[in-house]
1. What gaps in nm, shortest first, separate B:GLY321 from its twins in the other copies when you place the label 7 Å past Cα toward the beta carbon?
2. Could you calculate the contour length gain from A:SER162 to A:GLU46, that is, 0.36 nm times the residue separation minus the distance between their Cα atoms, to one decimal place in nm?
3. Taking accessible area as the heavy-atom solvent-accessible surface of the protein chains with a 1.4 Å probe, which residues of the stretch B:77-105 lose no less than 40 Å² upon going from the isolated chain to the full protein assembly?
4. Give me the 1.4 Å probe accessible area per residue for chain A, excluding ligands and nucleic acids, in Å².
5. Please say if the stretch A:175-271 is rounded, prolate or oblate, where rounded means a/c under 1.5 for a ≥ b ≥ c the square roots of the C-alpha gyration tensor eigenvalues, and otherwise the choice is prolate for a/b larger than b/c and oblate otherwise?
6. Select from B:ALA58, B:PRO146, B:ILE127 the residue farthest towards the positive end of the dipole of the stretch B:23-147; place +1 on Cβ of Lys and Arg, -1 on Cβ of Asp and Glu, and compute about the Cα centre.
7. Using modelled backbone amide H atoms (1.01 Å from N, in-plane), which distant-in-sequence or interchain residues come within less than 5 Å of A:LEU99's amide H?
8. Where a Cα-Cα gap under 21 Å defines reach, which lysines qualify for A:LYS43, not counting those fewer than 8 residues away within the same chain?
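The values are calculated or read from the model by the stated rules, or taken from the named source; none is laboratory data. Quick caveat: nothing in here was measured; it's all calculated off a predicted structure. All Cβ positions, glycine included, derive from the backbone under ideal geometry; neighbour counts span all protein chains shown. Keep in mind that these areas ignore ligands, DNA and RNA; they rest on the heavy atoms of the full protein, side chains included. Shrake-Rupley method; radii C 1.70, N 1.55, O 1.52, S 1.80 Å.
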There are 2 protein chains.
Amino acid sequence: MQPRPHSTLEDVAKAAGVSPATASRALNGTTQVRPHLRERVLKAAEELAYTPNAHARALAGAAHRTVGVICHDVSDPYFAAVAGGIMRVASDHDLLVTLASTFRDPEREVAYVSMLRAERAAAILLIGSGFENPDWERALGAELEPYLKGGGRVAVVSRHRSLRVDTVLPENRAGAGAMARALLDLGHRRFTVLAGPRTLTTVADRVGGFRDELRRAGVALRPADIVESAFTRDGGYAAMTEVLTRGLDATCVFAVTDVMAIGAVAALRDRGLSVPADVSVAGFDDIPIVRDLTPPLTTVALPLQQLGERAIELALTENPGRRRRIHRMAGEVVIRASTAKAL
Amino acid sequence: MQPRPHSTLEDVAKAAGVSPATASRALNGTTQVRPHLRERVLKAAEELAYTPNAHARALAGAAHRTVGVICHDVSDPYFAAVAGGIMRVASDHDLLVTLASTFRDPEREVAYVSMLRAERAAAILLIGSGFENPDWERALGAELEPYLKGGGRVAVVSRHRSLRVDTVLPENRAGAGAMARALLDLGHRRFTVLAGPRTLTTVADRVGGFRDELRRAGVALRPADIVESAFTRDGGYAAMTEVLTRGLDATCVFAVTDVMAIGAVAALRDRGLSVPADVSVAGFDDIPIVRDLTPPLTTVALPLQQLGERAIELALTENPGRRRRIHRMAGEVVIRASTAKAL
DNA sequence: GCGCTTTCTGTAAGCGCTTTCCGAGTGCTA
DNA sequence: TAGCACTCGGAAAGCGCTTACAGAAAGCGC
């Protein structure tokens, strides 16, 4: 006869000559069990290579030990850094982290929330920009609502608007504004902005913050100065190439993301232009690699690890009234060698 | 009265005026259910925002829809790339991915396997180097064994030796050997090797492959030419600094990892040395960023995404006899501008 | 050594779902 | 209209665990 795939609590109990209840108590230490019995149970468990079935446990009412994280793409360095913070905290709390990449597909995002809901995850974390499309946000909200009602905890990073949940919010507008000021101070007056998809709130905020600050200084950003592209290295490369093809008249390029800035620099190089001698380039995020580029990238530094840490801490912290807590985190302009004084 | 946190199948059944059994069948489509009943069930489920409890489902015998991935550090670009491949395939199969970072702590690794075992994950994937310490590998094997016996599937990437499980193996020895040959062809005869911790099999293989190929050409690598350090950018920086401090007499630096090579280049720069004019630098892995460095890094290119894809596919593929399947993947030397002819 | 409290152990219910086993309903043929 | 083969729906068991609840043992003072 085929043996049962895993040994169960009952097997252990039988082997130790006690009841399942006692075995459970001995293993979990919920109640006092006389030492010699506890010993026997532990030994039996050891010998049978017993591992409690987490599903049975969860079903029987034990606390859930999983938190779900939904991001756009695991292999994006921005997310990797944030995830690092999340994992650190999760590991301190003995939580397992379930990760899902949406590849920027809103439907997939909703589907993942649903799966995580089915798992009865202790918390769900959404990392990265939301979508400007109200329908999608509404669908997401509808999926989240019953989860929250059922005691689930949700926190989001860098995503706001419609969702009434705990939020960790990098100050995208302010950061982009500060960057605009810094670049103006360097004497730049003509800019090209490399934007990600307008459908993302993060893009809207960063572009908006940058434009507004420029306007305040009497510098206009024309629609043609803003190029939209994918939120990736190749997106940055493509956008930059497009600009170069139709003729660059800016002295400075601001990419809404470091990853895009990296692509932009590559495109500039491939056209024989030098950074910052011919064009200055600035990014946003301060992902770890950019300080090792040549030249190191000027950027708005976000505390990426902390973004993740705060998010999971927020989600794990009791919030009786279910008030929306917003934790803003400032970015700091870091001037490195990719930007120079305008000629 | 406080409502039950989540609506259950029974609630749905009641609302639809059918038995739980019928509701289950309607929702899962296991058996034919008459259209009008199925309609009613679906509608009730919709209205109640019903999400099946994955735990109950798993307990009742449904297939498990989670695969566990254990890596050293999520924020390492090497892993991020491999994870990208895993997630892609997982998403095609509607699987949820649970990720754990061990931070190179073997005990934590075992603990995570145990947690994943408790979750009855459909498969467990171990990404990244194993440990040279036989005790640790044995402990890991002991944890994995009952899981395998219980029908669990395991695959590992870039990790071998003791574990008798499906393996995706980048050809570390051969790759490092090929790199040695390429560097010899450029005229280099004096090398410094930046190694990660000797306790990792990957390090041993890469250093070994490099050394052996050198020896074959009559070039000796003295112990002092090999510097051991952490497997990170800062580790590479520190190791390079140490070498520079006591005096560099090599014309070429081989770092066993791109990430370490990046640190090495930074250290060289900070000392005013230029790459490759003063020293050539080569890495291993071909993580995406290195082609955008200045100079772009010479390295051994591994198909990182594919490593992940193969691993999960291997684990998901039936393997009746439980034979150990090894899928070797070759690396390819890519000469970029960080290496030059020796003077 | 008796009765009392206190501590420990076992019995049994129940978490939410799937699935087997039947009985009831349906459609077809003669 | 009776008889038969099917198709569908419901009752109930059971997945492995936790946790009241209640009963047994142990400890205490007298």
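1. 6.8
2. 36.7 nm
3. Residues passing the criterion (a loss of at least 40 Å², heavy atoms only) are B:ALA80, B:MET87, B:SER91, B:LEU96, B:THR98, B:LEU99, B:PHE103.
4. 42
5. Oblate, since a/c reaches 1.5 and b/c is not below a/b.
6. Among B:ALA58, B:PRO146, B:ILE127, the one farthest towards the positive end of the dipole of the stretch B:23-147 is B:ALA58.
7. Residues meeting the criterion, in which the H sits 1.01 Å from N, are A:VAL69, B:VAL97, B:THR98, B:LEU99.
8. A:LYS14, B:LYS149
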